[in-house]
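What follows is a single structure, written as structure tokens, with notes after it.
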Amino acid sequence: MSQSFVPEVLATVGGGWLPSRVLRPAIASRQNLAHISFPREAARRRAMNLAAAPACTNSRPARVSKLNDSECAFCRWLFEQAGLDVSSYRPKTLERRLPACLRALRVVDVARARRRIEKEPQALHQALGAMLIGVTSFFRDAKVFDELQSEILPELLASRSPCRVCSLGCSDGAELYSLAIVLAELGALEHTYLLGADCRPEAIKVARAGHYDANHLHGVSPERLERYFLREDGGFRVRPELRQHARWRVANILRGVEPGIWDVIAFRNVAMYFRAEASHRLWDHLETSLRPGGLLILGKAERPPRSKRFAALGPCLFQRLRR
Ligand SMILES: C[S@@+](CC[C@H](N)C(=O)[O-])C[C@H]1O[C@@H](n2cnc3c(N)ncnc32)[C@H](O)[C@@H]1O
């Protein structure tokens with residue numbers, strides 16, 4: 001198996017490895033894959049070699065996969081503007097997102113992108129939003145929220161009040177407000193402290209304002225829209241009764257989880273963009289920041305590393321073990 005074959009067939013997920021998108025459809029269609037073998041240990045070693053390959057580092061422009069030196073240098077500079085270390089992010093993510101970033105800025109190359117950002121600070125937010133994938137929505141993965149509301153949170157809340165909930169990599173706040181709505185419907189909002197953190201100041205500004213266009217609210221039922229939002233300025237604003245329970249921070253979560261012990265941590269669709277080496281410390285912090293018995297909510301493609309003390313409760317839902 002050539003080294004370049006590894007990313008073709010394996011994708012890092014929560015520090016472990018899963019068959020990549022290339023292979024999954026084949027597995028799903030039960031094609032005969034018996035001729036392909038990738039012993040776990042060998043795959044792991046190859047992955048480590050790959051991780052040790054030159055990446056976009058903070059100290060020098062270096063080549064990584066399809067990015068050339070000036071593209072690497074641009075990515076490094078762009079991430080620095082947000083206080084981030086580009087080498088913490090998976091090279092594949094950078095490679096995939098750079099064209100989206102150039103499109104968002106309406107430029108054809110990184111030299112023009114940098115000039116535009118230096119001239120127009122607002123362009124920095126567009127560039128970061130595209131590179132860091134700010135995609136989110138209310139009640140994203142609706143089944144997870146159904147499960148939370150019907151089973152998991154009522155049980156957790158029975159033993160926890162007041163309750164502390166945080167959303168790491170919260171983007172524009174849709175995730176934390178969705179949790180706030182569920183908690184309100186379970187009668188627990190009054191006794192809950194909610195915190196959202198993201199490295200993009202512009203996303204946190206939107207979250208704090210709690211104001212969204214109608215097309216951002218497709219996951220919200222008409223009843224909930226009526227009950228938890230006010231029509232304002234051509235869009236909808238989260239009602240103050242809900243907003244007053246949420247606090248927001250601009251923070252690089254790779255430098256540490258918000259201090260304190262948490263009952264629920266939503267960390268969805270963020271870990272998948274970090275290199276495994278970069279997120280080791282973060283997983284340690286997540287484990288120690290969650291109260292034993294507390295709940296970790298991940299994205300569909302994510303799992304905690306096996307070495308961490310979590311038990312799966314259902315898709316995307318993990319409980320911090322007590323031992
Ligand atoms: C795909 S969005 C996920 C939003 C939300 N959690 C969800 O699942 O709908 C990823 C978010 O992680 C944020 N992010 C990426 N790296 C970060 C870092 N080092 N510190 C804080 N936030 C980060 C991005 O700005 C982006 O808003």
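The values are calculated or read from the model by the stated rules, or taken from the named source; none is laboratory data. Because the structure is a prediction, the values reported are computed rather than measured. Glycine gets a Cβ as well: all are built from the backbone with ideal geometry, and neighbour counts include every protein chain shown.
What to note about this one:
- Glu302 meets each of the listed conditions (1) away from the ligand (no atom under 15 Å from the Cβ); (2) acidic (Asp, Glu); (3) surrounded by fewer than 23 Cβ atoms within 10 Å (Cβ to Cβ) apart from (1).
- Going through (1) surrounded by fewer than 19 Cβ atoms within 10 Å (Cβ to Cβ); (2) farther than 30 Å from Gly294 by Cα one by one, Gly129 falls short only on (1).
- Considering segment 146-171, the residues that are in contact with a Leu (Cβ under 9 Å, 6 or more places away or on another chain), over 20 Å from Ala197 (Cα atoms) and not β-branched (Val, Ile, Thr) include one that is nearest to the ligand (Cβ to nearest atom), namely Leu148.
- When Tyr212, Tyr228, Tyr273 are checked against the criterion of being of a type in the set (Ser, Thr, Tyr) and over 30 Å from Gln81 (Cα atoms), a single residue qualifies: Tyr228.
- Pairs where the first residue, in segment 82-103, is crowded, with 18+ Cβ neighbours inside 10 Å and the second is acidic (Asp, Glu), C-beta under 8 Å, 6+ apart: Val86/Glu80; Leu98/Glu71; Leu102/Asp109
- Restricting Ala197, Ala203 to those that are near the ligand (Cβ under 8 Å from one of its atoms), aliphatic (A, V, I, L, M), surrounded by 18 or more Cβ atoms within 10 Å (Cβ to Cβ) and not in a helix (DSSP H, G or I) reduces the list to Ala197.
- The single condition among (1) in contact with a strand residue (DSSP E or B) (Cβ under 8 Å, 6 or more places away or on another chain); (2) loosely packed, with under 15 Cβ neighbours inside 10 Å that Ser161 does not meet is (1).
- Boolean, Ala266 is within 14 Å of the ligand (Cβ to nearest atom), in a strand (DSSP E or B) and small (Gly, Ala, Ser): yes
Matching residues to (1) within 16 Å of the ligand (Cβ to nearest atom); (2) among the hydroxyl-bearing types (Ser, Thr, Tyr); (3) modelled with pLDDT under 95:
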{"position": "Pro39", "(1), (2), (3)": "no, no, yes"}
{"position": "Arg45", "(1), (2), (3)": "no, no, yes"}
{"position": "Arg63", "(1), (2), (3)": "no, no, yes"}
{"position": "Leu78", "(1), (2), (3)": "yes, no, no"}
{"position": "Arg96", "(1), (2), (3)": "yes, no, yes"}
{"position": "Pro99", "(1), (2), (3)": "no, no, no"}
{"position": "Arg114", "(1), (2), (3)": "no, no, no"}
{"position": "Lys143", "(1), (2), (3)": "yes, no, no"}
